[in-house]
1. Which trypsin sites (Lys or Arg not before Pro) in segment 102-211 sit in a loop by DSSP (not H, G, I, E or B) and have at most 13 other Cβ atoms within 10 Å of their own Cβ?
2. Compute the helix-to-body angle for 228-238: its Cα long axis versus the longest principal axis of the chain, expressed 0 to 90° and rounded to tens.
3. Tilt of helix 80-92 relative to the longest C-alpha principal axis of the chain, in degrees (0 to 90, nearest 10)?
4. Rg/Rh for segment 294-359 to two decimals, with Rh computed the Kirkwood way over all alpha-carbon pairs.
5. In deg cm²/dmol, rounded to 500, what helix-only [θ] at 222 nm does the chain give when every DSSP H run of at least 4 residues adds -39500 (n - 2.57) and the total is split over its residues?
6. On a 0 to 90 degree scale, rounded to 10, what angle separates helix 554-571 from the longest Cα axis of the chain?
7. Quick one: check the C-alpha center-to-center distance for segment 29-93 versus segment 205-247, whole angstrom.
8. Would you list which lysines come within 28 Å of K352, measuring only between C-alpha atoms, while excluding same-chain residues fewer than 8 positions from it?
Amino acid sequence: MSNLATSESPVPPRTEEVLRVMKQYFGFAEFRPRQREIMTDVLAGRDVLAILPTGGGKSLCYQVPALIRPGLTVVISPLIALMKDQVDELEAAGVAATFLNSSIKGEESRSRLAALHQGRIKLLYVAPERVLMDGMLEDLARWNVSLLAVDEAHCISEWGHDFRPEYRQLAKLRESMPDCPFLALTATATDRVRDDICSILNLRDPMRYVASFNRPNLEYTVTRKSGGYEQLLEVVRRWKGESGIVYCQSRKSTESVAEKLRADKVRAAAYHAGLTPAERNLCQEQFKRDQVDVVCATVAFGMGIHKPDVRFVVHYELPKNIESYYQETGRAGRDGLPGECLLLYNPGDLMKQRHFFAEKTPADRALAEKHLRLMASYAETTGCRRAFLLKYFGEVLAEGTCQGCDNCAQSHETYDATLMSQKLLSCVYRIKERSGFSTGLSHTTAVLLGTENDKIREWQHDKISTYGIGKDQSKEAWLAVGRQLIERGFLVLHEERFSVELTLEGREVLLKRLPVVLKRVVDTRFSGRRYSEPSRKERSSRPKSASGDIICDEGLFNRLRTLRRKLSEERGLPPYMIFSDVALRHMAADKPSNDDQFLAVSGVGQRKLVEFGPAFMEEIRLHEAG
């Protein structure tokens, strides 16, 4: 039986020690939600399941204890690129870390193994296949492993969105190291997946910590796809010079969209499984080093990118499920600063997705269909999108609305939609009465508008009484009414046939002429936030907005970014490994002029104070003098 942690956990006795190590090496003086409790239980030798959102500080939950506990911490990670990033960051912070995977061979592999045999390494990152190879379990026994962290733990469950069979074999680690505590971490897991993780890994009476899935710094928008590239370009230009990811369903789309962006003077690249490993690695490195601003990618891209300053994520087509969508949008704003998440929605994308279901078993096909219907419901909802996402993960949005999605930020009014509803419901009824089968909402709308096309003539829908009775309204107005009637339960959408039918409630509304009140947008002013130059008074009175936007001297911030880029190129590191945008914005707001002030900046530890403090403080002094 697992323990479910509550907010009433007692104050841990090792908090002071944990905070000291966290500040010394990583530059953080405060815990993020659930970090304190997780680290305390890990240090006490308990098994722990931690569900923290992307950007919620999962890595620190094992990195900090690794520096306090004696012995070696082993981190199971499925992605080579992510291993290298995390080891590079740890080494930049002064932590002895390394990784072993198929990319390390020959003398380099022997050198790393020697360091492990000599006890000079505190954190080892390794792929699940590698940790189970012949001889590796014997090595782990010799290396005094004191903690085993399983990252991306949702991969262990067939009910998860990224199931990997090799993760199932990790149960052998418990058999070979029965006294070693386990920490399983993931950003997305339903109750069923959480149970699977605990069961398959054989976690012993684990503490379960589930932080809020809410990402208040992210804005969610769904726009009906109409000239998709122009809609995308608007977002890219709004975030000019910032990092973004565009998710496409096909390799061809990634190439064509990237090519169009380059023609419009955007530094863009395509990423997909059809590229060679060298080409994919180059794309990732260019993105991490800010040499490419926008990556147009299939879903193969993202999990291996540890880049905190992605400012926007655009889904060019409908994702396959809510979990994938949540995880992919979660790659924006990992640093806590504002991020924009746009989904360009075309109902036709549902049919494209179903083409991928053909080779699945009937059970898998039914599950995929269920996930796709939920994704379509998210795209069609007129309610709060954030509340919809949180509800999927079993969480209730306390405020009811978020003001951080298009539906909440736009102004709505209620109106009497009885007549339009009667016409649309009657049209659905008459179409089935005439043909013996139902049609989709788009076809129903075409009949209402009196459209002349082959299907309407072939099925003789131009002969029914509702043909042309809706010419006084636009196509979009009818589609909007239809979507709300589905949401209200008066129509049911049959995804497998892509058709709509009356429900019992819908029949009652039609036959009894019951009143129907719907919502419509009266204010469409909604777009992603951009930083603006605040007044001196605003900078001093509002150091940080509710969205996470740190108000600062923008001119100084840009100078510090230029300095960071120069230093990162000299050291061959991605800029964010020098300092995050958050740290730079704090510097540009607080303008530290001595070591104590500089060390007080979030993200500045002892190693970075010594290595970079003088250069950044000099840049601040020159700006202030200038």
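Any read-out appearing in this document is the output of simple, stated calculations on the displayed coordinates, not a laboratory observation. Computed from a prediction, not measured in an experiment: that's the story for all the values here. Here Cβ is always computed from backbone atoms with ideal geometry, including for glycine, and neighbour counts include all displayed protein chains.
1. K105, R120, R204
2. For helix 228-238, the angle is close to 40 degrees.
3. The angle comes out near 40 degrees.
4. Using only Cα positions, Rg/Rh for segment 294-359 is 1.00.
5. -13000 deg cm²/dmol
6. 60 degrees
7. Here the two parts' Cα centres lie 26 Å apart.
8. List returned: K225, K252, K260, K320, K360, K370, K391, K432, K455, K475.
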